[in-house]
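Some notes on the structure that comes next.
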Amino acid sequence: MCTSGKKYSRSEVYKAIQSTVAYILKKISIWILKHKDSENGLYFDMGPELKIAKFEIKIIEYGGEAVKLKSLIDQAVIKGLIVYADYDFLPYPISVPQPNTEFFNLFLGFLAKPMMDINKEIMDPILWHVKNIVYDGNEVLNEYI
């Protein structure tokens, strides 16, 4: 957003901030910043200070004037938009909405997505291998798959 030169609404900017920055309010406060790496995907960086460049974003409601990103993040903290009691890793199923807690969830979702239709050509050799090699032909164990 900061380097595109485009103008954004305040709600777009705050939505982006909420999806990438978290402030954990503890004895020693922690900033969490989500990054995207072209090789490794998404990851989090944590620390006692939020170290970001002096980026500016053009806000439509301010006539396209540039506003410092740091001041927008500070406003998000004051408004309680990115303030959490703690952080945790709470995986949840794809079919369930993300749980709403007072904790910042480090879970980014599963990389593998479930298939609606099972391809028997792919699954049959796998199931045969499990039954005959892993379970050594044991029908009782085979009932579990």
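The values are calculated or read from the model by the stated rules, or taken from the named source; none is laboratory data. These numbers were taken from a predicted model, which means no experiment stands behind them. Heads up, the Cβs are rebuilt from the backbone with ideal geometry, glycines too, and the neighbour counts pull from every protein chain shown.
Quick notes on this one:
- Test: residue 45 is acidic (Asp, Glu), surrounded by 10 or more Cβ atoms within 10 Å (Cβ to Cβ), closer than 25 Å to residue 13 by Cβ and touching a Leu at 6+ places or on another chain (Cβ under 6 Å): yes
Here's the yes/no breakdown for (1) within 22 Å of residue 43 (Cα to Cα); (2) in contact with a Pro (Cβ under 6 Å, 6 or more places away or on another chain); (3) in the same structural domain as residue 33 (by TED's automatic domain parsing); (4) surrounded by fewer than 10 Cβ atoms within 10 Å (Cβ to Cβ):
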site: 91; (1), (2), (3), (4): yes, no, yes, no
site: 110; (1), (2), (3), (4): yes, no, no, no
site: 119; (1), (2), (3), (4): no, no, no, yes
site: 123; (1), (2), (3), (4): no, no, no, no
site: 129; (1), (2), (3), (4): no, no, no, no
site: 132; (1), (2), (3), (4): no, no, no, no
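- Candidates in segment 48-67 are the residues that are among the charged types (D, E, K, R) and surrounded by 14 or more Cβ atoms within 10 Å (Cβ to Cβ); of these, the one that is nearest to residue 32 (Cα to Cα) is 56.
- Just one residue in the set 131, 120, 79 is basic (Lys, Arg) and within 30 Å of residue 21 (Cα to Cα); that residue is 79.
- Exactly one residue among 80, 41 is at positive phi and either modelled with pLDDT under 85 or among the hydrophobic types (A, V, I, L, M, F, W, C) (or both), and that residue is 41.
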